[in-house]
């Protein structure tokens, strides 16, 4: 029985760590233990580790760790790509070893042996497409076309030159310090793909997230059906009710069935929990990026809009404060004016309440269908873009 509790505690700890690492910075978790664990994992633990290395090995040890950090985080490298392939390969091999012997079963036909292999293969293909496709690199040969395709909105994008590439910087583009290139409609640099997500490969990235979400759901359900089939074929419920006298109700049978599953199929249970957790995280990431695409916004622009709206609000508050101060001064100096009735002064709004509403005016949002069309068929792949290129040449 102690082994069962160890497995349950292991699952809960894994869930807490994974959610804290991936979602701890979300506003909903601010001020919670999840946020504290996230800060420790992403920042605190590494700082303590650097101090420990410095105390034990001195500056040479610290410099070695910093050089490894530079290689892993500040320049292109295939580390996370290798980890992804190792994770998906290991999980598939464990599932094949522990569950394929029960397929075909009571609820699953033998086709799922091959369907699972095909599903994993498609997932790896989408991974390769996202990792090695051009995200939309801005070059001297195509910068004029990108300048025409993405005009400046003069709100968060104004005409400027990239200080590194020395090329005009099209609106919605950004210079990636890791890849050392300007990327059109830049969203973010993805370490798992070792590539930027931009104008040309956002569609592959979305397909990757959606497919891996479905893949995890498929794996979770398939293993669940395997276990349900074993429960049926071994007549566990019949044995519990007839030979052990357990009441034939869900509340009575559930603890015994869970105990039997954890004792006989603990590997499958752990895989189900892991894939269920990952599927929820992938669903969150997909919904977030799908919403960005359908509103024709990028992750990079989300931060720009937040900065812009915050600046406008502060400016509006400063103007309101100035107006309130002027009103109070004029009230002190205007002794000759008749006193305002208490009722009227009570209902009169303060100038501080007249702060203007800051509205996000995204000129690139063309509506649901056109935004979706732009992601599926990027501007640089259309005939009009190529014609503009030939005319400019």
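The values are calculated or read from the model by the stated rules, or taken from the named source; none is laboratory data. Since the structure is predicted, the reported quantities are computational estimates derived from the model, not experimental observations. Please note: Cβ atoms are built from the backbone with ideal geometry, for glycine as well, and neighbour counts cover all protein chains shown.
Observations, loosely collected:
- Check on residue 160, in the same structural domain as residue 287 (by TED's automatic domain parsing), surrounded by fewer than 19 Cβ atoms within 10 Å (Cβ to Cβ) and at positive phi: no
- Among the residues here, residue 131 qualifies as more than 21 Å from residue 275 (Cα to Cα), touching a helix residue (DSSP H, G or I) at 6+ places or on another chain (Cβ under 8 Å) and surrounded by 15 or more Cβ atoms within 10 Å (Cβ to Cβ).
- For residue 233, the criteria (1) more than 18 Å from the chain's Cα centre (by Cα); (2) buried (at least 17 other Cβ atoms within 10 Å of the Cβ) hold in every case but one, which is (2).
- Counting only helices (runs of 4 or more DSSP H) that sit wholly inside region 38-148, those with at least 3 residues that are touching a residue at least 24 places away in the same chain (Cβ under 8 Å) are 79-99, 111-132.
- Test result for residue 172, in the same structural domain as residue 298 (by TED's automatic domain parsing), under 30 Å from residue 85 (Cβ atoms) and at pLDDT 90 or above: no
- Residue identified as modelled with pLDDT under 90 and on the phi < 0 side of the Ramachandran plot among 46, 92, 102: 46
- Here the condition is being assigned to a helix (DSSP H, G or I), at pLDDT 70 or above, under 30 Å from residue 294 (Cα atoms) and assigned by TED's automatic domain parsing to the domain that holds residue 139; of 363, 375, it holds for 375 alone.
- For the criterion of being outside the structural domain of residue 223 (by TED's automatic domain parsing) and surrounded by fewer than 15 Cβ atoms within 10 Å (Cβ to Cβ), residue 36 passes.
- Qualifying residue in region 345-358 (condition: surrounded by 14 or more Cβ atoms within 10 Å (Cβ to Cβ), within 28 Å of the chain's Cα centre (by Cα) and modelled with pLDDT of 80 or more): no
- Here residue 323 passes the criteria (1) modelled with pLDDT of 85 or more; (2) not assigned by TED's automatic domain parsing to the domain that holds residue 172 except the one numbered (1).
- Looking across 29, 57, 100, 49, one residue alone is under 24 Å from residue 217 (Cα atoms) and either in contact with a helix residue (DSSP H, G or I) (Cβ under 8 Å, 6 or more places away or on another chain) or surrounded by 12 or more Cβ atoms within 10 Å (Cβ to Cβ) (or both). It is 100.
- Residue among 146, 152 that is out of contact with any helix residue (DSSP H, G or I) (no Cβ under 6 Å at 6 or more places or on another chain) and surrounded by fewer than 21 Cβ atoms within 10 Å (Cβ to Cβ): 152
- Condition check for residue 204: within 30 Å of residue 78 (Cβ to Cβ), assigned by TED's automatic domain parsing to the domain that holds residue 118, buried (at least 20 other Cβ atoms within 10 Å of the Cβ) and modelled with pLDDT of 95 or more: yes
- Per the listing 244, 288, the residue uniquely assigned to a helix (DSSP H, G or I) and either surrounded by fewer than 16 Cβ atoms within 10 Å (Cβ to Cβ) or at pLDDT 95 or above (or both) is 288.
- Considering each residue of region 248-258 in turn, at least one proves to be touching a helix residue (DSSP H, G or I) at 6+ places or on another chain (Cβ under 6 Å), over 30 Å from residue 198 (Cα atoms), in the same structural domain as residue 231 (by TED's automatic domain parsing) and not in a helix (DSSP H, G or I).
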